[in-house]
Every structure is written in structure tokens, then in C-alpha cells.
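**Q** Input: one structure, supplied below.
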Amino acid sequence: MRSLYFILTALSVIGLAFWAYHENYETQEALSEAEDLQTQISDARQRLRVLNAEWAYLNRPDRLRELADINFDRLGLLPLQPNQFGRIDQVAFPPEDTLLPILDPIEVSETEARP
């Protein structure tokens, strides 16, 4: 009878040990998945911060004036008035005969190389 109690006790201890190991393994897996999700969330938040910064730069009201000043000669734009900053389709273009042709850098270097 004593050996039967010993065997049942040993089997129950082994079963409890297996159950504890299994629960510990599942807990570690769940923690690993949670850590991966936290990493993905922080990466997504960082990408969102970058996109918000880019959008804020692109959405500035004075950006149209800066682009027009930079590309004034290339695009042949007329000077902008303050009331034209609402939409791009409000920008006035000069007549077609005053526009300068836009050349590729290869074409420019070839034309400058010729005497």
C-alpha cells in the first residue's frame, strides 16, 4: 500500500511539474508576442511622426511662394499675389510665347559643349 501512495505521489508531482513547465512556456511565448507588438507599435508611431512632420512641411502656406521663387525662370511663372496662395490652380501663367524650354541636364551639357 505504501508503494502505491509513493507511486501516486510521484506521478502527481511529475504531473504538476509538467503543468508548471507548460504554463511557464506559454507565459514566455505570450510575453515575447507582447514585446514584438510593442516594438511594432513604437515603429508605427515613429513612422507616423515622420509622416506628420513631412505633411506639416508640405502643407505650409508659404511653400508655394518658395517653390515659385526657386522655379521662377524654369517654369515661367508670373509673380504671385497674396490672394493666390489658396490652391495651385490659381497660379497665373504667362502667355505661351514667353515660356522658357525646360532642358534635360544631358541636353544642356551637349549644347554647351558645342561651339
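**Q** Given (1) open to solvent by 100 Å² or more (accessible area, probe 1.4 Å); (2) more than 31 Å from the chain's Cα centre (by Cα), identify the lone condition not met by Leu31.
**A** That leaves (2) as the condition not met.
**Q** Which number in (1) among the charged types (D, E, K, R); (2) modelled with pLDDT of 65 or more; (3) under 36 Å from the mean Cα position of the chain (by Cα) marks the one condition that Arg2 misses?
**A** (3)
**Q** Can you pull out every residue in segment 1-60 that is not charged (D, E, K, R) and not in a helix (DSSP H, G or I)?
**A** Met1, Asn59
The values are calculated or read from the model by the stated rules, or taken from the named source; none is laboratory data. Not measured: the values here are computed from a predicted model. Just the protein is used for accessible areas: all its heavy atoms, side chains included, with ligands, DNA and RNA removed. Shrake-Rupley method; radii C 1.70, N 1.55, O 1.52, S 1.80 Å.
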